[in-house]
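This report refers to the structure that appears directly beneath it.
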Amino acid sequence: MEKLAVFGGTFNPIHRGHLSLCTQLADALEISRVLLMPDKAPPHKEAPELAAGEHRLAMCRLAARADPRLQASDMELVREGPSYTYLTIRQLKEMYPEKELCWFVGSDMLFTLLQWKNAEEFLPRAVFCAGARHPGEEQALLRAAQEIHRAGGSCRVVPCRVVECSSTELRRRAAAGEDLSGLLPEGVWDYILRHHLYGR
């Protein structure tokens, strides 16, 4: 069965750590199409510095140029209300019933996955594919994967080279006047400057 992967998040902004994790997961799982999907209103965290959805989508489109497997998606941005994963998976399964759906997550998201809204609905409908965001997380990831399996879900933990990068820290450094071009996908820093995002 052909696979379709989704990599979601606030992407505020999308950075090289996101891209590295995404492409390593796609390589390991032999996935030829990955949707980069910025969320509209993340239900799991406060986001007072959230750039407008149109800007985060535009930055994802720039990032997607780095790899032909990547494609930016506005699915969650155009839907009303918070960006609940169960709604997105439900919609994708209706659109692509013939595809195996893979959901890419970093360790921070995997550790809270069972607490997401209506987890019992979406867990059996996708394979959750996870990689570490920080060194030394592999054993914790494997334990989280076992909990997901016990809850009726499917989870693959992929050993990944960690590229530590934080959107929160990047926004702080941008506001302080630092040049972040080396930490962002090509074109994203110019976009931030052009549209005066994050205090620039």
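Quick notes on this one:
- For Gly8, distant residues with modelled amide H under 5 Å away: Met37, Phe104
- Label point distance in nm, Arg200-Arg69, each placed 7 Å from Cα along Cα→Cβ: 2.8
- The 3J(HN,Hα) values that the Karplus relation (6.51, -1.76, 1.60; θ = phi - 60°) gives for segment 152-164 are, in residue order, x, x, 10, 9, 10, 9, 10, x, 10, 6, 7, 10, 6 Hz. Gly and Pro appear as x.
- Residues Arg133, Arg143, ordered by accessible area of protein heavy atoms at a 1.4 angstrom probe radius and largest first, appear as Arg143, Arg133.
- Pairs of lysine residues in segment 27-134 that meet both criteria, 8 or more places apart or on different chains and Cα atoms under 21 Å apart, total 4.
- A simple rule links phi to the HN-Hα coupling: the Karplus curve 6.51 cos²θ - 1.76 cosθ + 1.60 with θ = phi - 60°, which for segment 87-98 gives 6, 5, 5, 4, 5, 5, 5, 6, 6, 10, x, 8 Hz, with x for Gly and Pro.
- For the residues Lys93, Lys99, a 1.4 Å probe over the protein chains yields an accessible-area ranking, largest first, of Lys93, Lys99.
- Using alpha-carbon coordinates, inclination of helix 16-29 to the longest axis of the chain, degrees: 30
- Less than 5 angstrom separates the built amide H of Glu100 from those of Glu2, Lys3, Leu4, all sequence-distant by 5 or more or on a different chain.
- Using a probe radius of 1.4 angstrom, the carbon and sulfur fraction of the accessible surface of segment 62-200 is 49%.
- Share of pairwise Cα separations in segment 58-170, more than 18 Å, in percent: 59
- Cα centroid of segment 133-175 to Cα centroid of segment 46-96, whole Å: 20
The values are calculated or read from the model by the stated rules, or taken from the named source; none is laboratory data. Note that the structure is a prediction, hence the values are computed from the model and not measured. Don't worry about glycine lacking a Cβ; one is built from the backbone with ideal geometry, like all the others, and counts go over all protein chains shown. Quick note on the areas: whole protein, heavy atoms, side chains included, nothing else; ligands and nucleic acids left out. Shrake-Rupley method; radii C 1.70, N 1.55, O 1.52, S 1.80 Å.
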